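Only one structure is covered here, and it is reproduced in the block below.
Just so it is clear, none of the values below were taken in a lab; they were calculated from the coordinates. The model shown is predicted, which means the values in this text are computed figures rather than measured ones. Cβ: placed from backbone, ideal geometry, glycine included. Neighbour counts: every protein chain shown.
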Amino acid sequence: MEMKGDVRRGRTTALFVVVLFAVILVVAYSAYPVGVGGPPASTTAVETVVSPGIACTDPSLSPDVVQVEANPKFLGLSDGLCYSFLGADRSGTGGQSTTTVYTFDYYNGSVVYPCGNLPRELVVSQIRAQVVANGTQPIVQTAQLDNDSSSLNARSDCGGSPLAVSVVEAELVVVTIPAVLEVNLTLDARSAAQPITSLSVVVAFPGADQTIEFDGVTSGTPLLPGRSVSQISIVSGIPTLVEGGVYGMTIEGHFRDGQPFEYAVQIALVNG
C-alpha cells in the first residue's frame, strides 16, 4: 500500500510540473510574440513621421474649409481621397469680396528624404482652390490639381552644405523562417565630390546601437558620386521596432583621398 501511495504522489508531482511548465510557456508566448525572440528592450514611445496639415477627417477643421472640400470643383479633383488642409493665403481683395487660395496636400504614407537627412511624408498631389468670401459664404472660383510629385517634394530650405551621402530609404523586413528582423538601408552619394571607399552607419535602436557595414563599398569598388548602395542587416538583440518610427543614425566613412566624414541623420522605418 505504501508503494501505491508513492506512485500516486509521484504522478501528482509530475502532473504539477507539467501544468506549471505549460503555464510558463503560455505566459512567455504572450509576453514575447513569435518572431521577436524575447522581451522588448525599451518601452519608450517612438516618434513617427507626421504629415503636415489638418486631415479631412479632423473635427478641428473650420466650416469654411469643410465647405471648400465639399465643393464639386474640389471633389472632381480629389477623387474621394483625404487631402490635408495646409493653410490659406489671401491673395487680394476686390470690392467686398476677398480672394483666398486654400492649399491641400495628399499623402499615401510613403516617406522621402528631400535633404537626405530627415524623413518626411511624400506629397503625392496637391490641390489649390481659389476661394472668394462674399459675405459669409465661401465660393470656389477655380481648383487646380498638381500631381508632379518630384516638384512637390523637391529639396528646399535644407540649410548648410549638402551631405556627401544621403538617406534614400530604410525598410523594416520581417523574416518568418528563421524568425528575425532585417533592416534594408539604401544610401546615395548624390552630393559626393569624390568616390567613397568605406561606408558604415550606427543606428540608435532601443536598448543598444547597431553598426551596419556596407560591405560592397571598398577601395576596389568605391561608391561613385551620384550612385546608390543598399545593405541588408539582421537586427541584433531584441528591440521593439515600430513601423514608421523615427530613429537616430550616424553615417561615417572615408573618401578616396582618405578624408573622413561623419554626421547624424534620422531614418523612418517603412514596411518592406
*Calculate the spin-label point distance for S236 paired with S191, positioning each point 7 Å from the Cα along the beta-carbon direction, and give it in nanometres.*
3.1
*Burial ordering of I212, I177, fewest other beta-carbon atoms within 10 Å first*: I177, I212
*With a sphere of radius 15 Å drawn around the Cβ of G109, what net charge do the other residues whose Cβ falls strictly inside it have (Lys, Arg +1; Asp, Glu -1)?*
-4
*asked:* Which one, C82, I127, C115, is farthest towards the positive end of the dipole of the range 63-152 when Lys and Arg carry +1 and Asp and Glu -1 on their Cβ?
replied: I127
*asked:* Taking 20 °C and 1.002 mPa s as the conditions, I'd like the Stokes-Einstein D for the range 49-164 in µm²/s, using the Kirkwood hydrodynamic radius from alpha carbon pairs.
replied: 139
*Over what distance in Å are the Cα centres of the range 236-272 and the range 142-195 separated?*
12
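Suppose R0 equals 30 Å; then what is the FRET efficiency for V168 and L81 from their Cβ-Cβ distance, rounded to the nearest 0.05? Before the final figure, lay out each step's value.
Details: r = 26 Å, r/R0 = 0.86.
After rounding to 0.05, the efficiency reads 0.70.
Just how large is the dipole of the range 63-152 about the Cα centre, in debye to the nearest 20, putting +1 at every Lys and Arg Cβ and -1 at every Asp and Glu Cβ?
Details: 4 positive and 8 negative charges, 32 e Å.
Dipole size: approximately 160 debye.
State whether the range 214-272 is rounded, prolate or oblate according to the following rule on the C-alpha gyration tensor (a ≥ b ≥ c being the square roots of its eigenvalues): a/c under 1.5 gives rounded; otherwise a/b larger than b/c gives prolate, and the remaining case gives oblate.
Details: a/c = 2.26, a/b = 1.94, b/c = 1.17.
Note, shape of the range 214-272 comes out prolate.
First select every other residue whose beta carbon is under 11 angstrom from the beta carbon of G53; then total the charges, Lys and Arg +1, Asp and Glu -1.
Numbers: positive: none; negative: D58, D105, E121.
Within the 11 Å Cβ shell, the charges total -3.
What does the charge count around T221 come to, taking other residues whose C-beta lies under 14 Å from its C-beta (Lys +1, Arg +1, Asp -1, Glu -1)?
Working: positive: R227, R256; negative: E213, D215.
Spelling it out: positives minus negatives among the neighbours equals 0.
Quick one: V242, V131, fewest Cβ neighbours within 10 Å first, how do they rank?
Values: V242 16, V131 25.
Result, fewest neighbours first: V242, V131.
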*Under Karplus coefficients 6.51, -1.76 and 1.60, residue-wise ³J(HN,Hα) of the range 260-270 in Hz, glycine/proline x*: x, 9, 6, 7, 9, 9, 10, 10, 10, 6, 10
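About the Cα centre of the range 166-271, how large is the charge dipole given +1 on each Lys and Arg Cβ and -1 on each Asp and Glu Cβ? Please answer in debye to the nearest 20. Working shown, then result.
Values: 3 positive and 11 negative charges, 39 e Å.
Charge dipole of the range 166-271: 180 debye, to the nearest 20.
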